[in-house]
Amino acid sequence: MKIGFIGLGNMGGPMALNLVKAGHQLSVFDLVPASVQKLTEAGAKAFASPAEVAAQDIDMLVTMLPASAHVRSVYLGENGILSTVKKTVLLIDSSTIDPQTAREVSAAAQKQGNAMVDAPVSGGTGGAQAGTLTFMVGGSEEDFARVKPILENMGKNIVYCGGTGNGQVAKIANNMLLGISMIGTAEAMNLGVSLGMDPKILAGIINTSSGRCWSSEVYNPYPGVVETAPASREYTGGFGADLMLKDLGLATEAAKVAKAPVTLGATAQQLYQTFSNQGQGGLDFSAIIKMLQKA
C-alpha cells in the first residue's frame, strides 16, 4: 500500500521501517533530518511538511507524535493534515494522548469525510524495532478491519477496544497501573535488600508468589536481577521517567473528566514529578528506585 507516516522518533522510526520492510511505499515527514534520512535510505520518500505528505497519493496515513498539542497542530493546523488530505485516506494516530483530544480530532476528520482510528501502542522501543508492539485501537469495527493488516506489520497484538478514543483509554489505564506497580516493586525490593536480602533471591520469591507482576518479573528495578532490564544497564534504553510522568498526567486529567478516583495514580504522578524535578527524567522509569535508595 501507499502509506504516509509523520513522526519518526524513537518509536515512529522503527515502526515506519517495518512498513518499508513489509513492502509498502512510504511518504514521510519529521522535524529531525537524521530521522528522515534513515527512512529515505530504506526507500521512503521525504516531504517538507505534514500537509505535503497528506497531499500525496496514499491509502493510509500514520502519525506518531509526542503529545496532544502536537496531534492537534499536525491534524488541525493551517498547514496540517486535514488541509490537504484526500477523503479516501484512512487516518491512524498512534500517539499517546488524552481520549478527549483523540475524539475531537477524529470528529474533525470524519466531518470532512476521512475515517480515523486512535491506535496507541505498548511494547517500547524494543517492540517497535522487533515489530512486536501491542496496538489498542479505537474507532468503528469497519475501520478496525481495514487498519488491522497494516498494524500487523508493526505489531503482534492488535486489539479492538471499542469506539473512538477507547484505544487511548486502554493505554492510559494500563500505564497508570504500570507506574503504580513499578513504585510498589521498587519499594519492596529496596525494603528487602535494606534488611539484608539478596536481591535475586527476593525477586525469585516475589515472582513465584502473590506479589508477582510484570514490573518485578520482566522489568525488575534492582540492578542485576534481570539482565535484559534497563536497571542492569544503568537505566538506559527503556521507557523514560518523563514519559511515564506524561502518561500518569493524562490518566489523572482524564479521571477528573470522568470523576473517577485515582488515588494511587495521583500519588504515582507526584512521585515521578519529584523524580523528574531532581533531573532524573531521562532515565528509565524503573530508576524511581534510586529516589527510594537515597531516602
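The values are calculated or read from the model by the stated rules, or taken from the named source; none is laboratory data. Note that the structure is predicted; figures quoted are calculated from it, not measured. Virtual Cβ from ideal backbone geometry, glycine too; neighbours counted across all protein chains shown.
Quick look at the numbers
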{"read-out": "The range 125-143, residues that are out of contact with any helix residue (DSSP H, G or I) (no Cβ under 7 Å at 6 or more places or on another chain) and under 21 Å from Asp98 (Cβ atoms)", "value": "Thr134, Gly139, Ser140, Asp143"}
{"read-out": "Out of Ala254, Ala241, Ala229, Ala260, sole residue that is out of contact with any His (no Cβ under 8 Å at 6 or more places or on another chain), closer than 27 Å to Ser95 by Cβ, in contact (Cβ under 8 Å) with a residue 60 or more places away in the chain and outside the structural domain of Ser122 (by TED's automatic domain parsing)", "value": "Ala254"}
{"read-out": "Residues located in the range 61-115, provided they are of a type in the set (Asp, Glu), within 24 Å of Cys161 (Cα to Cα) and assigned to a loop (DSSP other than H, G, I, E, B)", "value": "Asp98"}
{"read-out": "Selection count where residues are assigned to a helix (DSSP H, G or I) and either of a type in the set (D, E, K, R) or buried (at least 16 other Cβ atoms within 10 Å of the Cβ) (or both), scope the range 200-221", "value": "8"}
{"read-out": "Whichever residue in the range 262-295 is over 26 Å from Pro199 (Cβ atoms) and β-branched (Val, Ile, Thr) and, among such residues, is surrounded by the fewest Cβ atoms within 10 Å (Cβ to Cβ)", "value": "Thr263"}
{"read-out": "Which listed residue, of Gly155, Gly167, is under 30 Å from Leu19 (Cα atoms), touching a Pro at 6+ places or on another chain (Cβ under 9 Å) and buried (at least 16 other Cβ atoms within 10 Å of the Cβ)", "value": "Gly167"}
{"read-out": "Tally, over the range 126-139, of residues that are of a type outside the set (A, V, I, L, M), crowded, with 16+ Cβ neighbours inside 10 Å and not in a strand (DSSP E or B)", "value": "4"}
{"read-out": "Every pair of residues 6+ apart whose Cβ atoms lie under 7 Å, when the first sits in the range 205-224 and is farther than 14 Å from Phe285 by Cβ while the second is among the acidic types (Asp, Glu) and modelled with pLDDT of 95 or more", "value": "Asn207/Glu217"}
{"read-out": "Condition check for Glu152: of a type outside the set (A, V, I, L, M, F, W, C), on the phi < 0 side of the Ramachandran plot and not assigned by TED's automatic domain parsing to the domain that holds Gln269", "value": "yes"}
{"read-out": "Subset of the range 182-194 (residues that are of a type outside the set (A, V, I, L, M, F, W, C) and either crowded, with 18+ Cβ neighbours inside 10 Å or not assigned by TED's automatic domain parsing to the domain that holds Leu271 (or both))", "value": "Thr185, Asn190, Gly192"}
{"read-out": "Unmet requirement for Met197, which otherwise passes all of (1) surrounded by fewer than 16 Cβ atoms within 10 Å (Cβ to Cβ); (2) within 30 Å of Lys87 (Cβ to Cβ); (3) of a type outside the set (Val, Ile, Thr)", "value": "(2)"}
{"read-out": "Output for the range 56-89, where each listed residue is in contact (Cβ under 8 Å) with a residue 12 or more places away in the chain and among the acidic types (Asp, Glu)", "value": "Asp57, Asp59"}
{"read-out": "Complete set of residues in the range 5-54 that are β-branched (Val, Ile, Thr) and over 23 Å from Gly126 (Cβ atoms)", "value": "Thr40, Val53"}
{"read-out": "First in the range 42-55 and surrounded by fewer than 19 Cβ atoms within 10 Å (Cβ to Cβ), second anywhere and at pLDDT below 95 and not aromatic (Phe, Trp, Tyr), Cβ under 8 Å, 6 or more apart", "value": "Ser49/Asn79"}
{"read-out": "Restricting the range 104-144 to residues that are of a type in the set (Asp, Glu) and out of contact with any strand residue (DSSP E or B) (no Cβ under 6 Å at 6 or more places or on another chain), the residue that is farthest from Gly238 (Cα to Cα)", "value": "Glu142"}
{"read-out": "Test: residue in the range 90-99 that is of a type in the set (A, V, I, L, M, F, W, C), touching a residue at least 60 places away in the same chain (Cβ under 8 Å) and in contact with a helix residue (DSSP H, G or I) (Cβ under 6 Å, 6 or more places away or on another chain)", "value": "yes"}
{"read-out": "Number of positions in the range 253-274 that are in contact with a helix residue (DSSP H, G or I) (Cβ under 7 Å, 6 or more places away or on another chain) and under 16 Å from Ser181 (Cα atoms)", "value": "8"}
{"read-out": "Counted residues, the range 238-261 - those being hydrophobic (A, V, I, L, M, F, W, C) and surrounded by fewer than 20 Cβ atoms within 10 Å (Cβ to Cβ)", "value": "4"}
